[in-house]
Every structure is written in C-alpha cells, then in structure tokens.
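What follows is a set of notes on a single structure, which appears directly below.
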Amino acid sequence: MAIEYVDRGSMERPVEVHLRDKDIRQSIDSILRNGNGYRWNLRNGLVEVTNTHASKRLERLLDVVIPDFQIAGGENALVASTMLWWDLQRRIDQKIPGFGGDIAGRSSTVMPTKLRNRTVRQILSYIIRNSRADGWIVAGPPECLGFTPYCGLWYIVEP
C-alpha cells in the first residue's frame, strides 16, 4: 500500500466501518469515504491512496525521474529507501555533497535490480513489492514536505 498524504484530522478521528460481505474495492471505498478528499487506485501492483489536499510540491517530487537506480544484492528496504531519498535530493540540487555513515534500523532484504528512468513513486513501489515491507507512507505537514530531511518525505512500513 502507498499512502501519499494523510491529514491530521484523519489521524485523530476514529473511523467505524462494517466490512462484512464486501469485496476489497468496497472495503477501501468505505474506509476512505469517511475522510476528506481521499481517493485510491491500483498502480504498480499497490493500492495507492491519494488526497486532493496533498502538497503539489510533493506530487512533483514523487514524479521526478531517476535515470539510474540500483539495489545491490543483500540491500534492505530501509537502505534502498534512504538511497532513493538521496538520489532525489541530488536531482533537485546537484551541489549537494556526498554523505557517509550507517543507516540505523532493521529491515527486510529487497530483490536486487537496476532500474532505469523510473519515477520516485515507481521505485518506491518496486521496493515494497520486492521486500517484506507492507507499504510506504508520506508523513509530515504539507507545507514542508520535501523541503528538509527533518520534515521527511516518506517512510517504509514494515511488519
């Protein structure tokens, strides 16, 4: 599952739905009907939830094309996600210097690949479909999404 934006009200307001005798489409529709501006579709093998109130800057960032993205053998979803964030930052500002260090946290292994001319959204979907991760979610207030690493852009959700 990919969730591109969740407003604060939706996070703070419980939703009660009855899903008996409903298929997956009807169930997702029932859940999202309670929110403000949500819609969903099936893209790249994932259920992708979007919102009409999401940041337009965020949408443009998720549509940035990364010319070459490689996931090495044994690389985990957290590292792949971090490297994707880094590649996106370099596409936005080519003057950004390199970085070093470890990426803390445990994560599931992603199937190795070389992806060419794919959007950030497509690469995130690849990471989710080819690891044990459950999905990715955009987090942070819309006014700062994608402007600073402290505000964040997306998180990988794993069991």
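May I ask you to list, by number, the DSSP H helices of the chain whose Cα span along the axis is at least 18 Å and whose average Kyte-Doolittle hydropathy reaches 0.0 or more?
Once both thresholds are applied, what remains is 77-92.
About the Cα centre of the chain, how large is the charge dipole given +1 on each Lys and Arg Cβ and -1 on each Asp and Glu Cβ? Please answer in debye to the nearest 20.
Using Cβ point charges on Lys, Arg, Asp and Glu, the chain gives about 340 debye.
Using all alpha carbons of segment 30-96, what is the percent of pairwise distances in each 10 Å bin, ordered from the shortest bin to the longest?
Final binned percentages: 16, 36, 32, 14, 1.
What is the set of long-range amide H partners of Arg132 at a cut-off below 5 Å, with H atoms built 1.01 Å from backbone N?
Ser108, Thr109
Using just the alpha carbons, could you tell me how many Å³ per residue the convex hull of segment 1-117 encloses?
161
I'd like the per residue volume of the convex hull spanned by the Cα atoms of segment 1-52, given in cubic angstrom.
Spelled out: Cα convex hull of segment 1-52, divided by residues, is 75 Å³.
For the chain, what is the calculated [θ] at 222 nm in deg cm²/dmol (nearest 500), taking -39500 (n - 2.57) for each run of four or more DSSP H residues and dividing by its residue count?
-8500 deg cm²/dmol
Values quoted throughout were computed directly from the atomic coordinates according to the rules given, and no laboratory measurement underlies them. Just so we're clear, the structure is a prediction, and the values are computed from it rather than from any experiment. Note that each Cβ is placed from the backbone with ideal geometry, even for glycine, and that neighbours are counted across all protein chains shown.
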